[in-house]
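The values are calculated or read from the model by the stated rules, or taken from the named source; none is laboratory data. Here the structure is a predicted model, which is why all the values come from computation and not from measurement. Don't worry about glycine lacking a Cβ; one is built from the backbone with ideal geometry, like all the others, and counts go over all protein chains shown.
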Amino acid sequence: MEARDQELEQRLAQHVGDGAPIYAFRELGSTIDMASSLATQGATEGTLVFARRQSKGRGRLGRTWSSPEGGLYCSLILRPRRSSSEISQLSLVAGLAVVEAIQKLTGLAPSIRWPNDVLLKSQKVCGVLVEAKGEAVIVGIGVNVTTDPRLLPVTATSLAAAGRACDAHRLAGALYGHFRGWYDEWTARGFAPIRQALRPWITLFGQVVHVTAGSEELEGTATDLDESGRLLVRLDSGIVRAFDAGEITLLR
């Protein structure tokens with residue numbers, strides 16, 4: 001195993017609290033891969049894996065997640081007590097925690113782009129990736145905090161670039177707290193309270209969108225989330241379709 005950074009773990013512990021097990025590193029290939037390895041070794045639910053940078057960060061569909069120093073890169077080990085069909089909802093649970101933590105610490109008004117991105121205006125500031133590993137689930141979160149925008153794709157930004165930099169360790173603590181609160185709610189009551197809390201943060205509703213879902217490409221108006229977290233889109237034909245995955249592009 002890569003050498004842990006004990007000083008970094010102590011700094012994070014001051015903000016995360018709750019006695020959460022923390023594994024912190026200066027650099028990892030991927031926090032998700034490290035968390036997966038720890039999960040197979042029996043790491044407890046709530047274990048946090050944190051890295052200052054990643055050399056092999058990844059996002060949905062096998063895409064690369066640019067992970068230079070200046071970001072918050074972390075993964076949480078969970079052992080959910082809900083059905084496997086509900087696991088994908090954790091991407092939205094994490095997105096909700098991210099926007100609340102960012103707003104709390106910076107005053108910015110982020111939004112959620114279904115199903116797994118957080119935006120500042122139209123630029124991506126955070127991505128979420130959920131992977132099931134046997135009985136465990138890994139939730140990976142990457143936030144661009146003080147990252148130099150010149151090191152990021154043109155479609156991305158950072159909190160610092162938006163003029164509201166914050167301490168990544170404090171943000172990790174706030175994010176962890178918000179996530180555990182909503183995760184406990186989801187565990188006890190399912191997606192209904194998450195769906196209600198998400199609505200103000202999703203700016204797609206009422207917008208005309210292009211949806212790429214597998215081999216299908218469709219256009220329509222995003223209207224809501226259904227009770228499972230799927231995106232509801234009213235097509236030009238008037239039919240309302242529910243999408244559980246896909247790429248969404250605003251058209252106008």
Exercise. Scan segment 227-239 for residues that are aliphatic (A, V, I, L, M) and surrounded by 14 or more Cβ atoms within 10 Å (Cβ to Cβ) and jot them down.
Key: LEU231, LEU232, VAL233
Exercise. Starting from segment 1-21, take each residue that is free of Cβ contacts under 8 Å to residues at least 40 places away in the same chain and under 18 Å from THR31 (Cβ atoms) and list its partners that are part of a loop (DSSP other than H, G, I, E, B) and of a type in the set (S, T, N, Q), counting only C-beta distances under 7 angstrom and pairs at least six apart or across chains.
Key: PRO21/THR44; PRO21/THR47
Quiz item: How many residues, within segment 77-133, are crowded, with 17+ Cβ neighbours inside 10 Å, hydroxyl-bearing (Ser, Thr, Tyr) and within 22 Å of SER228 (Cβ to Cβ)?
Solution: 3
Practice problem: Take the residues in segment 93-130 that are basic (Lys, Arg) and closer than 13 Å to ILE202 by Cα, then tell me which one is nearest to the chain's Cα centre (by Cα). | Solution: ARG113
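Of everything in segment 215-242, what is part of a strand (DSSP E or B) and touching a Pro at 6+ places or on another chain (Cβ under 9 Å)? Give them in sequence order. Talk me through it step by step, then tell me what you get.
Taking segment 215-242 first, the residues part of a strand (DSSP E or B) are 216-225, 231-235, 240-242.
Scanning segment 215-242 gives a single hit, LEU231.
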Self-check item: Every residue from segment 178-202 that is aromatic (Phe, Trp, Tyr) and either surrounded by fewer than 18 Cβ atoms within 10 Å (Cβ to Cβ) or assigned to a loop (DSSP other than H, G, I, E, B) (or both)
Solution: PHE191
Exercise. Look at ARG26 and say whether it is charged (D, E, K, R), farther than 26 Å from PRO80 by Cα, surrounded by fewer than 17 Cβ atoms within 10 Å (Cβ to Cβ) and in the same structural domain as ALA168 (by TED's automatic domain parsing).
Key: yes
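Kindly indicate whether any position in segment 83-101 is assigned to a loop (DSSP other than H, G, I, E, B), assigned by TED's automatic domain parsing to the domain that holds SER55 and of a type in the set (Asp, Glu). Steps first, please.
Keep residues of segment 83-101 that are assigned to a loop (DSSP other than H, G, I, E, B), which gives 83.
With the extra rule that they be assigned by TED's automatic domain parsing to the domain that holds SER55, the set shrinks to 83.
After this cut, where a residue has to be of a type in the set (Asp, Glu) as well, the list is none.
Within segment 83-101 (the criterion being assigned to a loop (DSSP other than H, G, I, E, B), assigned by TED's automatic domain parsing to the domain that holds SER55 and of a type in the set (Asp, Glu)), the answer is no, since none of the residues qualifies.
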Quiz item: Can you tell which of VAL154, VAL233 is out of contact with any Ser or Thr (no Cβ under 6 Å at 6 or more places or on another chain), of a type in the set (A, V, I, L, M, F, W, C) and in the same structural domain as GLY95 (by TED's automatic domain parsing)?
Solution: VAL154
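Taking the conditions exactly as written (in contact (Cβ under 8 Å) with a residue 60 or more places away in the chain and more than 24 Å from GLY17 (Cα to Cα)), does TRP201 satisfy them or not?
On the way: in contact (Cβ under 8 Å) with a residue 60 or more places away in the chain: yes; more than 24 Å from GLY17 (Cα to Cα): yes.
Here the answer is yes, as TRP201 does meet what is asked.
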